[in-house]
Amino acid sequence: MYSDGMSTPERLIESTRELLWERGYVGTSPKAILERADAGQGSMYHHFKGKPDLALAAIRRTAEEMRATAAAVLDGPGTPYERIEAYLRRERDVLRGCPVGRLTMDPDVIASAELRAPVDETLDWLRGRIAGIVEEGIAQGQFAAGLDAGEIAAAVVATVQGGYVLARASGSPTAFDAGVRGLLSLLAPRTP
């Protein structure tokens with residue numbers, strides 16, 4: 001499944017990332033990780049203190065990847081509205097859900113301050129970055145002066161995360177797409 005050049009710790013982290021996304025923390029057993037990683041029985045404990053330590057490395061990696069993907073779009077060219085639109089419309093596997101957002105539904109992740117931290121930090125970063133873009137739009141007169149940038153950022157993140165939930169529940173990306181279109185129509189730049 002993985003290239004021959006990938007080290008055992010890398011295979012373990014990547015396998016855990018995939019399994020956390022597919023099954024959650026409880027459903028990700030050490031045996032499943034080892035099988036997916038094609039690693040020997042003692043290798044997880046040789047490279048990591050145990051499942052929580054490996055899960056933390058996997059969650060951190062997933063969070064870093066999500067931030068990099070979002071930053072590539074949010075820091076790209078265009079007006080503030082166009083950058084938010086690009087973020088909302090970027091290609092994503094809607095029916096699979098968000099690998100970071102799904103962790104918020106996992107009681108074992110939420111119960112652990114250590115496992116929850118990269119999730120909180122990533123969602124906080126995302127809201128902060130989007131709020132900054134909204135503030136740019138307000139300063140440029142693209143968005144109404146009375147808007148609260150933090151509230152708009154929270155609405156953008158909630159639309160994406162809630163859209164994933166609605167799409168997964170219905171088995172169709174239609175609800176996600178409708179939420180994005182609705183939010184974009186509310187955010188559409190003011191015309192003089």
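The values are calculated or read from the model by the stated rules, or taken from the named source; none is laboratory data. Every value quoted in this text rests on a predicted model; they were computed, and no experiment measured them. For neighbour counting, all protein chains shown are included, and Cβ atoms are generated from backbone atoms with ideal geometry for every residue, glycine included. Only protein heavy atoms, including side chains, enter the accessible area calculation; ligands, DNA and RNA are left aside. Shrake-Rupley method; radii C 1.70, N 1.55, O 1.52, S 1.80 Å.
Residues in region 56-67 that are open to solvent by less than 10 Å² (accessible area, probe 1.4 Å) and within 12 Å of the chain's Cα centre (by Cα): 59, 63. Restricting region 94-119 to residues that are in a loop (DSSP other than H, G, I, E, B), open to solvent by less than 40 Å² (accessible area, probe 1.4 Å) and among the aliphatic types (A, V, I, L, M), the residue that is nearest to residue 159 (Cα to Cα) is 94. Taking region 19-61 only, how many residues are touching a residue at least 60 places away in the same chain (Cβ under 8 Å) and assigned to a helix (DSSP H, G or I)? Number of matching residues: 6. So which residues in region 120-144 are open to solvent by 30 Å² or more (accessible area, probe 1.4 Å), assigned to a helix (DSSP H, G or I) and either over 19 Å from residue 104 (Cβ atoms) or modelled with pLDDT under 95 (or both)? If the condition is that a residue be open to solvent by 30 Å² or more (accessible area, probe 1.4 Å), assigned to a helix (DSSP H, G or I) and either over 19 Å from residue 104 (Cβ atoms) or modelled with pLDDT under 95 (or both), then 135, 136, 138, 139 are the ones that fit. When you scan region 41-55, do you find a residue that is modelled with pLDDT of 95 or more and more than 21 Å from residue 103 (Cα to Cα), even just one? Looking for residues that are modelled with pLDDT of 95 or more and more than 21 Å from residue 103 (Cα to Cα), one finds none in region 41-55, hence no. For region 68-80, a residue qualifies if it is surrounded by fewer than 20 Cβ atoms within 10 Å (Cβ to Cβ) and either farther than 23 Å from residue 181 by Cα or touching a residue at least 60 places away in the same chain (Cβ under 8 Å) (or both), and the qualifying residues are 68, 79.
Of all the numbered requirements in (1) over 20 Å from residue 69 (Cβ atoms); (2) of a type in the set (Asp, Glu); (3) in contact (Cβ under 8 Å) with a residue 12 or more places away in the chain, residue 85 misses one, and that requirement is (1).
So that you can scan it fast, the table gives a plain yes or no per residue for (1) modelled with pLDDT of 95 or more; (2) within 23 Å of residue 122 (Cβ to Cβ); (3) of a type in the set (Ser, Thr, Tyr):
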| residue | (1), (2), (3) |
| --- | --- |
| 149 | yes, yes, no |
| 153 | yes, yes, no |
| 164 | yes, yes, yes |
| 183 | yes, yes, no |
| 192 | no, no, no |
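Annotation note: Cβ proximity below 6 Å between a residue of region 169-182 that is open to solvent by less than 80 Å² (accessible area, probe 1.4 Å) and a residue that is of a type in the set (A, V, I, L, M) and part of a helix (DSSP H, G or I) (sequence gap 6+ or interchain) occurs for 173/167; 175/166; 175/167; 176/167; 180/88. For residue 147, are the conditions met, namely being open to solvent by less than 70 Å² (accessible area, probe 1.4 Å), in contact (Cβ under 8 Å) with a residue 60 or more places away in the chain and either assigned to a helix (DSSP H, G or I) or farther than 30 Å from residue 23 by Cβ (or both)? Criteria not met by residue 147.
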